[in-house]
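This report concerns only the one structure given below.
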Amino acid sequence: MPAPALLTANTLAGSHVPAPPLPRLGHAWRTLEHGFDSVFGARDNPLKQLGALGVWLLTLLLISGCLLYVVLDTSAAGAYPSIAALDAWPWRLGSALRGLHRYGADAFVLVMGLHLVREWLLGRFRYWRRAIWWTGVPLVGLAFVSAIGGFWLNWDRLGQYSAEATAQWLDALPFLASPLARNFLLDQSLNDRLFTLFVFIHIGVPLLLVFGLWFHLQRISLAQVFPTRRLAWGMLLTLLLLALLAPVRSQGMAQLSSQSAALALDWWLLFIHPLVDSTSPATGWALVLLGFAALALAPLWPSPARQPVAQVYPEHCSGCQRCLADCPYSAISMVPHPSGKAGAQLAQVRADLCASCGICAGSCPSSTPFRSAAQLVTGIDMPQWPVDALRAQLLQGLRDLPGPGRYLVLGCAQGAQPRQLAPDTLLLPLVCAGALPPAFIEYALRHGVDGVLVSGCRPGGCEFRLGQRWSAERLAGTRAPQLRRSAARERLHMAWLDCGDEAALATALERLRQQCPAGCGAAQPTLESLESPPSPPAPPQETPA
């Protein structure tokens, strides 16, 4: 076990989390998210749930696509009339179904692009996120292939243009044996067999997309697959309203013997065709390959050396599986304990997936400062920021406070930081709010602290996904390890605030001083007089973002 290290906000924040590749743009994105927090609330902010929105939109596309496939005539001659017949459905149900599918595809591509931009701007593509990023890159190509193939099934003038442009673009590849464009020379050359290929592409590629999405999510523990209920219903109603106000119409039946001069393009999905037309097929392929190469090489962006990963101490690990349940990146698994005891298990850390966030140490039942051991060794801990160092720094800091007031701030180093601390306040930064064992709060209160403020990132904005959520649930008593009922919860406040919310953090500190006046913690019992818990006190107070 290493010697206790000094914990500071600079050492925890600056050297631990990789800086965004373009810090100013990353800060601008955070500012935009905070603006959306003001409108939608932190829990329903769409910019914080772009991945979940993408899954929801894909689900709507699969459902609406299955319904459209029921009415689709999969022959070359019958495809256009079968789609056009949707306009005759009563109560405009056909237009709503068709518009939901088309506008849902546009929204899916838009959300996917925003999700990719957000993760890149925030620097979330390196270290433990590398595999997650790489498994997401192929999904971009599959999404566009599926979307472009959908236009062919309608077989109107727009579908004809897309199919011909795609064939000519593919013919630029040197390894094709015969030109694909010759299939579109005459109406007689388009047979049902080729149209069956169109159907296969538009059905088979989305199935690959679903499988790829499942694989993409495997490295994320407790992934938020779908957005909040309000956001999901809001997206669905928006798409239906758009489908009714601006219904999707076919642009005339395809005729291979002629070409339309003017078409209403869907620029979100078909932008590649005008790009190739205005340059050349070779240029189009070069740009696509360069784009995917840039995405694939992004995780290799030069970065500082990684922090050491979590370390397991077998003699103190009980195999309780709390760290397994709380790890946000599935970096922990359980293996047989080396003691050989029947049924005993031991946590095992996979280094390439570990984010060094300390959430596992915060969940470990042995991470309690009440243990009488001179050196506090837990079942799982961060070797560079051990729990023992946190206890030592807490005790030393409390001894150094001049009084009469004594206040403690346990703050996430990724969130808002106090601009200036009063002499009666001790700040102990944490790499993540989830790394805080709840027992430390009671420990501080029983050492005469008048009030404790726990601060962390806004809901949905945690740098390590689940740290803020786990911390809030532990302190509320709904997740183990819980804050014991014997703790004076009325003297515990919480403030979930991001960088840039320093004014709100100062307000939260002032509120703590007003509600927990100096000297109110002096009458607390000593550590040796811990007895049965009293009746449940009032829950801790939160300061909203």
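The values are calculated or read from the model by the stated rules, or taken from the named source; none is laboratory data. Source: prediction; values computed, not measured. Note that each Cβ is placed from the backbone with ideal geometry, even for glycine, and that neighbours are counted across all protein chains shown. With ligands, DNA and RNA removed, areas are computed over all heavy atoms of the protein, side chains included. Shrake-Rupley method; radii C 1.70, N 1.55, O 1.52, S 1.80 Å.
Residue-wise test of (1) closer than 27 Å to Leu430 by Cα; (2) part of a helix (DSSP H, G or I); (3) at pLDDT 90 or above.
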| site | (1), (2), (3) |
| --- | --- |
| Pro2 | yes, no, no |
| His16 | yes, no, no |
| Ala19 | yes, no, no |
| Arg30 | yes, yes, yes |
| Leu60 | no, yes, yes |
| Leu68 | no, yes, yes |
| Ser75 | no, no, no |
| Gly94 | no, yes, yes |
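Screening Asp424, Asp450, Asp501 for residues that are touching a Cys at 6+ places or on another chain (Cβ under 8 Å), modelled with pLDDT of 90 or more and of a type in the set (Asp, Glu) leaves exactly one candidate, Asp450. One residue alone among Arg489, Arg485 is open to solvent by less than 60 Å² (accessible area, probe 1.4 Å) and touching a residue at least 40 places away in the same chain (Cβ under 8 Å), and that residue is Arg489. When Ala143 is tested against the conditions (1) open to solvent by less than 20 Å² (accessible area, probe 1.4 Å); (2) aliphatic (A, V, I, L, M); (3) touching a Pro at 6+ places or on another chain (Cβ under 7 Å), the lone failure is (3). Pick from region 32-56 the residues that are under 15 Å from Asp498 (Cβ atoms) and not in a helix (DSSP H, G or I): which of them is most open to solvent (accessible area, probe 1.4 Å)? The residue in question is Gly41. Any residue in region 288-308 that is of a type in the set (D, E, K, R) and surrounded by 15 or more Cβ atoms within 10 Å (Cβ to Cβ)? Within region 288-308 (the criterion being of a type in the set (D, E, K, R) and surrounded by 15 or more Cβ atoms within 10 Å (Cβ to Cβ)), the answer is yes, since at least one residue qualifies.
If a residue has to be open to solvent by less than 50 Å² (accessible area, probe 1.4 Å), under 21 Å from the mean Cα position of the chain (by Cα) and hydrophobic (A, V, I, L, M, F, W, C) to count, how many in region 326-381 make the cut? Looking only at that region, the number is 9. Of the residues making up region 110-127, those that are within 19 Å of Leu265 (Cα to Cα) and either over 29 Å from the mean Cα position of the chain (by Cα) or not in a helix (DSSP H, G or I) (or both) number 0. Answer with yes or no whether Arg458 is surrounded by fewer than 20 Cβ atoms within 10 Å (Cβ to Cβ), on the phi < 0 side of the Ramachandran plot and among the basic types (Lys, Arg). Against the criterion (surrounded by fewer than 20 Cβ atoms within 10 Å (Cβ to Cβ), on the phi < 0 side of the Ramachandran plot and among the basic types (Lys, Arg)), Arg458 does not qualify.
Evaluating Gly284 against the criteria (1) in a loop (DSSP other than H, G, I, E, B); (2) crowded, with 17+ Cβ neighbours inside 10 Å leaves one unmet condition, (1).
Quick one: is Arg130 assigned to a helix (DSSP H, G or I) and basic (Lys, Arg)? So Arg130 fits the description; yes. Within region 89-103, the set of residues being free of Cβ contacts under 8 Å to residues at least 24 places away in the same chain, under 15 Å from Val248 (Cβ atoms) and open to solvent by 20 Å² or more (accessible area, probe 1.4 Å) comprises Trp89, Leu93. Which members of region 43-89 meet the condition of being over 22 Å from Val117 (Cα atoms) and among the charged types (D, E, K, R)? The answer is Asp73, Asp87. Among the residues of region 203-212, those that are open to solvent by 40 Å² or more (accessible area, probe 1.4 Å) and either closer than 14 Å to Thr74 by Cβ or in contact (Cβ under 8 Å) with a residue 40 or more places away in the chain (or both) comprise Ile203, Leu208, Val210. With respect to Leu421, is the statement that it is farther than 20 Å from Gln307 by Cα and open to solvent by 30 Å² or more (accessible area, probe 1.4 Å) true? So Leu421 passes the test. Residues in region 48-68 that are in contact with a Leu (Cβ under 9 Å, 6 or more places away or on another chain), of a type outside the set (A, V, I, L, M) and in contact (Cβ under 8 Å) with a residue 60 or more places away in the chain: Gln49, Gly51, Gly54, Trp56.
Take the conditions (1) assigned to a loop (DSSP other than H, G, I, E, B); (2) of a type in the set (A, V, I, L, M, F, W, C); (3) without any contact (Cβ under 8 Å) to a residue 40 or more places away in the chain; Val449 misses just one of them, which is (3).
Could you tell me whether Pro437 is buried (at least 23 other Cβ atoms within 10 Å of the Cβ) and either small (Gly, Ala, Ser) or not in a helix (DSSP H, G or I) (or both)? Yes; evaluated as a whole, the condition is true for this residue.
Counted as qualifying within region 342-431 are the strands (runs of 3 or more DSSP E) with 2 or more residues that are under 16 Å from Gly448 (Cβ atoms), namely 407-412, 425-430.
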